[in-house]
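Everything on this sheet refers to the single structure shown next.
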Amino acid sequence: MKVAKFGGTSLANAEQIRKVCSIITADPERRLVVVSAPGKRFKDDIKVTDLLIKCAEKYIECGKADEEMEAVVARYAEIAKEMNIGDEIVDIIKKDLCERLSGDISNKAKFMDLLKAAGEDNSAKLVAQYLKSIGVEARYINPKDAGLFLSDEFGNARVLPQSYENLKALKDMDGILIFPGFFGYSLQGDVVTFPRGGSDITGSILAAAIGADMYENFTDVDSVFVANPNIVRNPKPISVVTYREMRELSYSGFSVLHEETLEPVYRRGIPVCIKNTNNPSAPGTMIVPERKSKNGPVVGISCDNGFCTIFVSKYMMNREIGFGRRLLQILEDEKLSYEHVPSGIDSISVILKEKQLNAEIEERILKRIKNELEVDDVSIERGLSLVMLVGESMMRTVGIASRATGAFAKAGVNIEVINQGSSEVSMMFGVRAEDADKSVRALYEEFFGGE
Ligand code: ASP
């Protein structure tokens, strides 16, 4: 049995949904299907999830959001009309939205999740209805009935362990099961969503729970590429990548999969295949436990922007017991999470996402670091990009760092930070944001250009 997940662009209109349904019915093993909310039909279109967010915001502000709700209903109505599945489903969707809007708005995050979840929930109902209309045995599955329970962190939920046992039962149900992605229920019975893009996570949880033979993730590209196609022209596709490599790539800028997707399938060794709804016969990218290094030690080059460095120096820092802990405690007190901590004998840099900082927090932490740790120097530098070279066998290959730094030098890029060795899978280079694209191109040329 396979779990197949279809992303927003695969459900954006009737034509796309027909493609999805013919992919589902083409393989009898595709019995558990996860769907996203309808996504963008064209470049400047608005995703249904974003329409729902606007709707919730308007309702919270004005106690009314007729226009915004109509915009959501119109998306589904257009699809239903083109698919000839009657008006009844549109009435069901309208009623559902009205019920959600009459929910309690005193907890904004909770109300927002209730609304956001309507996108995938109604998408699943619509797809099930269409399959039934063409004579396929299909049914919509409600995540609560199936037992998908999540932590009550609205907008940022995590799966609760008992869900896996509950969801196992889906394996023995007849017909094709259409499961809405992106949300589940808290133990108190509230709708809770994963972070944005979280339908990928739902698919992975279901695949792990039923012990699927494969988790197929259908999107709108033929495969994952070695580097971002918006930066490198016609980059090479990746045919096989390991979970650990893919995790590093999606953490640092590869947006094909949500970065939290792989954990459930990784723990159970279930292979993942990224495929294209618009070209299902393309082989796609396989994500597996191990790969033979036949495509070279480097599998991909990623890049993410928006980081900053807190640079701290103090003479004889290495002799001061507890210095690192006290520094990180200051960040913890401010509820800041950090990404990397490269250090030297008398200095330490903490790299974090800069959107977490505002002028006020920045001033407070600088003051505390200066006063409490009695440092010689502390400063925050913004506008850092992290460029990652990813590949499991890099660490056993002589000369990778030298080739990489050579490529930076040739491109005239100054490397601000290097972090190599703490991850067995990646090498990290911090560069100024304005040098990021240039760096990716230089590394691509070095590691893939001549092939
Ligand atoms: N519809 C949700 C979003 O736009 C979740 C998803 O598509 O995976 O974030």
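For the range 83-100, check the following and say yes or no: at least one residue is small (Gly, Ala, Ser) and under 29 Å from the mean Cα position of the chain (by Cα). So that I can check it myself, show each step before the final result.
Start the filter on the range 83-100 by keeping residues that are small (Gly, Ala, Ser), which leaves 86.
In the following step, the residues that additionally are under 29 Å from the mean Cα position of the chain (by Cα) were identified as none.
Checked the range 83-100: no residue is small (Gly, Ala, Ser) and under 29 Å from the mean Cα position of the chain (by Cα).
Given (1) surrounded by 15 or more Cβ atoms within 10 Å (Cβ to Cβ); (2) over 27 Å from the mean Cα position of the chain (by Cα); (3) free of Cβ contacts under 8 Å to residues at least 12 places away in the same chain, identify the lone condition not met by Asp50.
Asp50 satisfies every listed condition except (2).
Considering only residues that are in a helix (DSSP H, G or I) and hydrophobic (A, V, I, L, M, F, W, C), look in the range 119-138 and name the one that is nearest to the ligand (Cβ to nearest atom).
Only one residue tops the list, namely Ala124.
Is the range 25-36 home to any residue that is surrounded by fewer than 18 Cβ atoms within 10 Å (Cβ to Cβ) and either under 20 Å from the mean Cα position of the chain (by Cα) or within 16 Å of the ligand (Cβ to nearest atom) (or both)?
Looking for residues that are surrounded by fewer than 18 Cβ atoms within 10 Å (Cβ to Cβ) and either under 20 Å from the mean Cα position of the chain (by Cα) or within 16 Å of the ligand (Cβ to nearest atom) (or both), one finds none in the range 25-36, hence no.
Residues that are modelled with pLDDT of 95 or more, acidic (Asp, Glu) and more than 14 Å from the ligand (Cβ to nearest atom), at least 1 per element: which strands (runs of 3 or more DSSP E) completely within the range 182-223 meet that?
214-219
Applying the selection to the range 407-451, what residues are in contact with a helix residue (DSSP H, G or I) (Cβ under 7 Å, 6 or more places away or on another chain) and more than 17 Å from Gly300 (Cα to Cα)?
Across the range 407-451, the qualifying residues are Lys410, Ala411, Val413, Ile415, Val431.
Working carefully through the options Asp50, Asp66, find the one that is within 12 Å of the ligand (Cβ to nearest atom) and either farther than 24 Å from Arg139 by Cβ or among the polar types (S, T, N, Q) (or both).
The unique qualifying residue is Asp50.
Taking the range 43-55, which residues are assigned to a helix (DSSP H, G or I) and either modelled with pLDDT under 95 or β-branched (Val, Ile, Thr) (or both)?
Val48, Thr49, Ile53
Among the listed residues Val34, Val127, Val90, Val48, identify the single one that is under 30 Å from Asp174 (Cβ atoms) and touching a Ser or Thr at 6+ places or on another chain (Cβ under 6 Å).
Answer to the selection: Val34.
Checking the conditions here, which among Ala109, Ala74 is aliphatic (A, V, I, L, M), free of Cβ contacts under 8 Å to residues at least 24 places away in the same chain, surrounded by fewer than 23 Cβ atoms within 10 Å (Cβ to Cβ) and in a helix (DSSP H, G or I)?
None of the others qualify; the one that does is Ala74.
Criterion first (assigned to a helix (DSSP H, G or I) and either at pLDDT 95 or above or touching a Pro at 6+ places or on another chain (Cβ under 6 Å) (or both)) does Lys58 satisfy it?
yes
Checking Asp66 against (1) at pLDDT 95 or above; (2) of a type in the set (Asp, Glu); (3) more than 29 Å from Ile205 (Cβ to Cβ), which test does it fail?
Evaluating Asp66 over (1) at pLDDT 95 or above; (2) of a type in the set (Asp, Glu); (3) more than 29 Å from Ile205 (Cβ to Cβ) leaves (1) as the failure.
Kindly indicate whether Met427 is crowded, with 20+ Cβ neighbours inside 10 Å, under 17 Å from Gly253 (Cβ atoms) and free of Cβ contacts under 8 Å to residues at least 40 places away in the same chain. Steps first, answer last, please.
Working: crowded, with 20+ Cβ neighbours inside 10 Å: yes; under 17 Å from Gly253 (Cβ atoms): yes; free of Cβ contacts under 8 Å to residues at least 40 places away in the same chain: yes.
In short, yes.
I'd like to check which strands (runs of 3 or more DSSP E) are fully inside the range 232-288 and have at least 3 residues that are without any contact (Cβ under 8 Å) to a residue 60 or more places away in the chain.
Values: elements: 240-242, 272-276, 285-288.
Strands (runs of 3 or more DSSP E) meeting the threshold: 272-276, 285-288.
The values are calculated or read from the model by the stated rules, or taken from the named source; none is laboratory data. This is a predicted model, so every value here is computed, not measured. A quick note on method: Cβ atoms are made from the backbone with ideal geometry, for glycine too, and the neighbour counts reach across all protein chains shown.
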